[in-house]
Amino acid sequence: MDSLADLLHGIFLHWHFLPPERFVLAAEALLLALVAGFITGPQTHSATPLFWRLMDATFGRLGMRLDNMNRNPSDLISRGLILVIFLILFTGAMGLWLETNLPLLLPVPSLFEVLIISCCLSTGAVIHHDMRLHQVLKGARMSDGTYLTLARTSRINFMNRDDSTLTRTGIEILVRLFDKACVAPLLWYVLAGLPGLLIYSALSAFAWQHGYDGNYRGIGSAALALEKLMGFVPTLFSASLIGLTPFIVPGTNPVQAMKGFTNPKDTHPYDEGGTPVSVAAGALNITLGGAVTHLNGRMMKRAWTGPKSATAQIQADHLKRALYMIFIAEIYFVAALLCASLWGQL
């Protein structure tokens, strides 16, 4: 009992060590990304965060040149490790510089900090896109770029794919971006400020583009391994937030959602989306995952996840429920951040 009390006391002291204003800034950035992204929708046919797209524009061409699958895997991994170390040093130094100089250069540094944080998030943009995808699947006229945005965001080739595959992918990017481009970066911001935020975002962006969901040992393996290390705890928190939404969203199953969280046999591999995907599949009683083809033509043989009674024929209504779930999970997260800020001021 003494050791447990010491542990709780240590957690309490560490929580109070964190600046309470970070929780507030994180909540403000989430709300800004949610509202602005919902109004503008995805830009440049991608629902990923702006920071991810900037990293891809800066380092993406180099990564593609190095990503030669004809080379020995160990050679690719070592090249990828060198590039990832550079990314960590570059983004860490950028975060330190911003954190040090913003108060000196700007009259309201917190406003600019919120803008920086929001650029590392994808909340409203992916919801906007999936709402449009839902309308198209229900028979609305397809707008320019609806499927292109889905393909670029998910990195999947949809040639000759049916509506179930499109709907399944729409649900998966909702869940995975909630984890990788909302919860995890904000938690790292709260823990380590702008350096932690930018380092994690750089790793997740590189792993998203070059990790192939863990199917290949190559240039993205180092980034994927480090992102997994940094994202292990945040992904459990993401799954918890999603697991609480079936108590509010009609047509979802909270018991099946919790099985996806607690039963190791039902848990999806981390590289392919992890526990949040399993929880969402359980809540909606559908199967997620499955083999897909990357935009560059490489096959990604991903596992399936979902309850035994789940259906593989996913319909547009499943996507609608998933949209409600993720929106409510984001509101839960805002509430959690604000409550943590109040607790930190006690």
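Between residue 308 and residue 157, how high is the FRET efficiency from 1/(1 + (r/R0)^6) when r is the Cβ-Cβ distance and R₀ = 30 Å? Nearest 0.05.
E(calc), rounded to 0.05, equals 0.50.
Kindly put 45, 268 in sequence by how many other C-beta atoms sit within 10 Å of each C-beta, fewest to most.
Result, fewest neighbours first: 45, 268.
Under a straight-distance cross-link criterion of Cα-Cα below 16 Å, which aspartates and glutamates are reachable from residue 308, leaving out those fewer than 8 residues away in the same chain?
Straight-line reach from residue 308, under 16 Å: 266.
Taking the structure as given and computing Rg/Rh (Cα atoms, Kirkwood Rh), which label from [x] 0.99; [y] 1.03; [z] 0.96 fits?
Here the calculated entry is [z].
Hey, can you grab everything whose amide H is under 5 Å from the amide H of residue 300? Only 5+ residues off in sequence or another chain; H modelled, so Pro and N-termini drop out.
Those qualifying (amide H under 5 Å, at least 5 residues apart or on another chain) are 292, 293, 294.
Neighbouring Cβ atoms within 10 Å as the yardstick, rank 309, 201 fewest first.
If I rank by nearby Cβ atoms, fewest first, I get 309, 201.
Just how large is the dipole of the chain about the Cα centre, in debye to the nearest 20, putting +1 at every Lys and Arg Cβ and -1 at every Asp and Glu Cβ?
With Lys and Arg at +1 and Asp and Glu at -1, about 1080 debye.
Cα gyration tensor of region 169-300, axes a ≥ b ≥ c as square roots of the eigenvalues: rounded (a/c below 1.5), prolate (a/b > b/c) or oblate?
Since a/c reaches 1.5 but b/c is at least a/b, the shape of region 169-300 is classed as oblate.
Roughly speaking, what is the stretch gain from residue 291 to residue 101, that is 0.36 nm per residue apart minus the C-alpha to C-alpha distance, in nm to one decimal?
63.7 nm
As a footprinting exposure proxy, order 232, 90, 178, 51 by other Cβ within 10 Å, with the fewest listed first.
Ascending Cβ contact count within 10 Å gives the list 232, 90, 51, 178.
Using alpha-carbon positions, what is the distance between the centroids of region 281-325 and region 61-90, in Å?
Using only Cα atoms, the two centres lie 30 Å from each other.
Each value in this text was obtained by applying a stated rule to the coordinates, not by laboratory testing. Predicted model only: the values in this text are computed from it and were never measured. Note: ideal-geometry Cβ built from the backbone for every residue, glycine included; neighbour counts use all protein chains shown.
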